[in-house]
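Student: Shown below is the structure under consideration.
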């Protein structure tokens, strides 16, 4: 399924369940939100996108604790959980996805090599799921794979809910 098909599936599910979606993006730089808003009528189910590339933006816009950056780093499970929860808390959305990763070509470490991307999906009143991916390829490929997995994860969350 290509990105356009994923967005169409996501749109139908969100509309059927009357759920608005928000994104909290770091390494994808708003690409997930762009894919969603490329579909006509997305204002019926897409609430907003937070592009929080810097740690300061994550703290200011989403309420991510500065202590998490010190203890776990920006590319970590606790940070994407806080980002996803912050996106819902700071919008009218009921469902969000957050993404933080090392897209490359630099910035990787032995513990978090280039291609490491953490994601979280938060559904208000239900909970948060996370996943760490290790994508291959150049910066563009890592980011594109992250967009696809973010969309797939949103569809998975909507398929599980009876809201």
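Student: Look at residue 34 and say whether it is in contact with a strand residue (DSSP E or B) (Cβ under 9 Å, 6 or more places away or on another chain), free of Cβ contacts under 8 Å to residues at least 40 places away in the same chain and not in a loop (DSSP other than H, G, I, E, B).
Tutor: Taking the combined requirement at face value, the residue satisfies it.
Student: Restricting attention to helices (runs of 4 or more DSSP H) lying wholly within segment 38-90, give those where 3 or more residues are closer than 23 Å to residue 125 by Cα.
Tutor: On the way: elements: 55-62, 66-71, 77-89.
It comes to 55-62, 77-89.
Student: When you look at residue 28, is it closer than 14 Å to residue 95 by Cα, crowded, with 19+ Cβ neighbours inside 10 Å and in contact (Cβ under 8 Å) with a residue 60 or more places away in the chain, yes or no? Give the derivation first.
Tutor: Working: closer than 14 Å to residue 95 by Cα: no; crowded, with 19+ Cβ neighbours inside 10 Å: yes; in contact (Cβ under 8 Å) with a residue 60 or more places away in the chain: yes.
Answer is no for this residue.
Student: Could you list all residues from segment 43-59 that are closer than 30 Å to residue 11 by Cβ and out of contact with any strand residue (DSSP E or B) (no Cβ under 9 Å at 6 or more places or on another chain)?
Tutor: 43, 44
Student: How many residues does segment 92-149 hold that are assigned to a loop (DSSP other than H, G, I, E, B), at positive phi and within 16 Å of the chain's Cα centre (by Cα)?
Tutor: The number of residues fulfilling the criteria is 1.
Student: Considering segment 150-163 alone, what residues qualify as being in contact (Cβ under 8 Å) with a residue 40 or more places away in the chain and part of a helix (DSSP H, G or I)?
Tutor: 150, 151, 152, 153, 154, 155, 157, 158, 159
Student: Next question. Can you spot a residue in segment 8-25 that is free of Cβ contacts under 8 Å to residues at least 24 places away in the same chain and part of a loop (DSSP other than H, G, I, E, B)? Talk me through it step by step, then tell me what you get.
Tutor: Narrowing segment 8-25 to residues free of Cβ contacts under 8 Å to residues at least 24 places away in the same chain: 12, 16.
Next, from what is left, pick out any that are part of a loop (DSSP other than H, G, I, E, B): none.
Checked against the condition, which is being free of Cβ contacts under 8 Å to residues at least 24 places away in the same chain and part of a loop (DSSP other than H, G, I, E, B), segment 8-25 yields no hits at all.
Let's see how each residue does on (1) within 16 Å of residue 143 (Cβ to Cβ); (2) crowded, with 17+ Cβ neighbours inside 10 Å; (3) in contact with a helix residue (DSSP H, G or I) (Cβ under 8 Å, 6 or more places away or on another chain):
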position	(1), (2), (3)
8	no, no, no
14	no, yes, yes
67	no, no, no
72	no, no, yes
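We did not get these values from a lab; they are worked out from the coordinates using the rules stated. The shown structure was predicted, so the numbers you read here are calculated from the model rather than taken from an experiment. When we count neighbours, we look across all protein chains shown, and the Cβ atoms used for this are built from the backbone with ideal geometry, even at glycine.
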